[in-house]
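Trainee: I'd like to ask you about the structure that follows.
The values are calculated or read from the model by the stated rules, or taken from the named source; none is laboratory data. Computed from a predicted structure; not experimentally measured. Ideal geometry is used to build each Cβ from the backbone, glycine not excepted, and the neighbour counts take in all protein chains shown.
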């Protein structure tokens, strides 16, 4: 990483912001709580698709992976640690130096870029894996966005997409619960009408030119205060896997 | 590097490991072996010199390994060589009695035949387990083992942890694990305080040989001065753990062997025929000590360093191995999903998993001991009714059996069948 033109005061500021992203009890606590569960799903799917053994040191060596909406790098860093060549993109410019600063602290090489999936697709970038986690509920045109994700994949490539279901329970949990009661997320983080049901998402994914192959729920257990992957309960948070033919 | 052997420049060497484990008892080596399975390197630093650990002669000390602990030793590839030395415990009989009282009331009776998992536990002599662990460590490429070395300082920074030994050597690691017992220096150096209390009791431990076979039956006699456990060893031998008020225990322990046995015999009874001392005698003061936190920055505590408990139900080693299995599980799973296992949120998973179990067990054992180390007739009646009740209800009895076998609750990978 070339840092010759970077102001040290700026770096200090970004390191402080990185600390905020990576504080398990800070502003991004809900993401940290969900992260092990998301990573279990992601690693299992990639290992299955590409025949990799997760009990080896760098199982994803040789795989080119794109994380859309990378934020502070909560998914990019584990993927890089597992050996993948990772490119993280975010449409929020300020996240990029923050993620870079943290990757440097972690001793990981990750290519972070301030850009969008659409721009990457237009530039002809190609990946083995596209991670599209908790993004689709925030975009204006989901079909155009998912089409860009499809274009970013090599044939046979894996697309993992998680989002929030649309029903009274998800409204209660994700908006009233997470934003207003627990104050986990800033108010206005989610707009309920933008939430997508699993069937709608499967249709969108098909229309975008991908073959849906799996869907699972992420379920919060208030007793153990942790998340679990569920085969049946997709009522609030859920994740899908699809393959480019 | 052809001339490397001729170089005379000696550089202070810092060796780097994934995990530095302080304490070379049983939990430390078990953890080193468990994380090596996930490809992690470790060093085990033992304050005791090697000959103390590798002694092969019979001294009568043994462990009541719960089924869960046996499964773990099997998963670590150790059980094959240990099985021939282990005595299966098929039954546990819990009896409430008085010293010299001929009426032996069999209050509670647990029989492994009632659960499909097999024997609820195994008796294994300390010497076999110790030596097997030493052997396995020396066979493992990823494990270094230092004997007779004391840690004098530990330093943790965001980049890593460093241990300084009494001889001036330093060791760098990503994580420090304190497996250094109830007065853990690792915990103290990290500023982790402990809470605890003394029972005013001391355990007398010895092995005996007896005339009649024990048939794999373990006994627990509850008597006013404290409990007496008779645990079957291979052959016609048993391990005895016997608690008395500390002053009395000291008097008894000061006696010559013959007089010592004269005190034990009326407590033991004659149901196994004539009994003789077979091995050394040991004493252990009974106290409960709980670390206020099981984890810290780049730090985790296991075994007695986290929770020293009353050995009334033989749960000390089993609880320690459960810590080791849980910590190895948390680390291994974090590693597999690409997480940095030294992050506070990862270590917090271990603490959350073990702290509740441990506090429950420590409190239950403590209450159990207070309840039974008592000659109050009302209390005696109450506990006799309670024991009768558990005995009469098969589901309660099977529940208690599985609990004793250590196969209830959320099991770490290493303890699953």
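Trainee: Would you check if residue A:25 is modelled with pLDDT under 90, more than 25 Å from residue A:236 (Cα to Cα) and facing chain B (nearest Cβ under 9 Å)? Spell out the reasoning first.
Mentor: Numbers: modelled with pLDDT under 90: yes; more than 25 Å from residue A:236 (Cα to Cα): no; facing chain B (nearest Cβ under 9 Å): yes.
No, not satisfied.
Trainee: Anything in the range A:36-56 that is at the interface with chain B (Cβ under 9 Å from one of its Cβ atoms) and over 19 Å from the mean Cα position of the chain (by Cα)? List them, or say none.
Mentor: A:54, A:55, A:56
Trainee: Let me ask something additional. Which one of B:305, B:249 is crowded, with 17+ Cβ neighbours inside 10 Å and more than 23 Å from residue B:228 (Cβ to Cβ)?
Mentor: Working: B:249 fails: more than 23 Å from residue B:228 (Cβ to Cβ).
So the residue among B:305, B:249 that is crowded, with 17+ Cβ neighbours inside 10 Å and more than 23 Å from residue B:228 (Cβ to Cβ) is B:305.
Trainee: Identify, please: which residue in the range A:100-111 is part of a helix (DSSP H, G or I) and in contact with a helix residue (DSSP H, G or I) (Cβ under 8 Å, 6 or more places away or on another chain) and is, among those, farthest from the other protein chains (Cβ to nearest Cβ)? Show your work before the answer.
Mentor: Going residue by residue through the range A:100-111, those that are part of a helix (DSSP H, G or I) are A:100-106.
Narrowing the set further to residues that are in contact with a helix residue (DSSP H, G or I) (Cβ under 8 Å, 6 or more places away or on another chain) leaves A:100-103, A:105-106.
Numbers: A:100: 17, A:101: 13, A:102: 11, A:103: 12, A:105: 7, A:106: 7 Å.
The selected residue is A:100.
Trainee: A follow-up question, please. What is the number of the single condition among (1) away from chain B (no Cβ under 14 Å); (2) touching a strand residue (DSSP E or B) at 6+ places or on another chain (Cβ under 7 Å); (3) closer than 23 Å to residue B:336 by Cβ that residue A:73 does not meet?
Mentor: (1)
Trainee: Within the bounds of the range B:89-108, is there any residue that is buried (at least 19 other Cβ atoms within 10 Å of the Cβ), modelled with pLDDT of 90 or more and touching a strand residue (DSSP E or B) at 6+ places or on another chain (Cβ under 6 Å)?
Mentor: No, the range B:89-108 has no match at all.
Trainee: Can you tell me how many residues in the range A:112-144 are in a helix (DSSP H, G or I) and buried (at least 23 other Cβ atoms within 10 Å of the Cβ)?
Mentor: Taking the range A:112-144 first, the residues in a helix (DSSP H, G or I) are A:117-122, A:136-138, A:142-144.
Now drop any that are not buried (at least 23 other Cβ atoms within 10 Å of the Cβ), which leaves A:117, A:136.
Of the residues in the range A:112-144, 2 are in a helix (DSSP H, G or I) and buried (at least 23 other Cβ atoms within 10 Å of the Cβ).
Trainee: Being crowded, with 22+ Cβ neighbours inside 10 Å and either modelled with pLDDT of 90 or more or over 18 Å from the mean Cα position of the chain (by Cα) (or both) is the filter here, so list the residues in the range B:44-64 that pass it. Spell out the reasoning first.
Mentor: Let us first name the residues in the range B:44-64 that are crowded, with 22+ Cβ neighbours inside 10 Å, namely B:44-46, B:60, B:62-64.
Once the filter is applied, which keeps residues that are crowded, with 22+ Cβ neighbours inside 10 Å and either modelled with pLDDT of 90 or more or over 18 Å from the mean Cα position of the chain (by Cα) (or both), the range B:44-64 yields B:44, B:45, B:46.
Trainee: Looking only at the range B:262-292, count every residue that is in contact with a strand residue (DSSP E or B) (Cβ under 8 Å, 6 or more places away or on another chain) and under 17 Å from residue B:202 (Cα atoms) and tell me the total.
Mentor: Number satisfying all stated conditions: 12.
Trainee: Give A:78, A:59, A:97 a once-over and let me know the one that is within 12 Å of another protein chain (Cβ to nearest Cβ), in contact with a helix residue (DSSP H, G or I) (Cβ under 9 Å, 6 or more places away or on another chain), surrounded by 19 or more Cβ atoms within 10 Å (Cβ to Cβ) and more than 29 Å from residue A:225 (Cβ to Cβ).
Mentor: Details: A:78 fails: more than 29 Å from residue A:225 (Cβ to Cβ); A:97 fails: within 12 Å of another protein chain (Cβ to nearest Cβ).
Answer to the selection: A:59.
Trainee: Can I ask one more? When the residues of the range B:330-340 are filtered to those that are closer than 18 Å to residue B:296 by Cα and under 25 Å from the mean Cα position of the chain (by Cα), which remaining residue is farthest from the other protein chains (Cβ to nearest Cβ)? Even if it seems obvious, please write down each step before you answer.
Mentor: Going residue by residue through the range B:330-340, those that are closer than 18 Å to residue B:296 by Cα are B:330-331, B:334, B:339-340.
Next, only the ones that are under 25 Å from the mean Cα position of the chain (by Cα) stay: B:330-331.
Values: B:330: 10, B:331: 13 Å.
Per the stated criteria, the residue is B:331.
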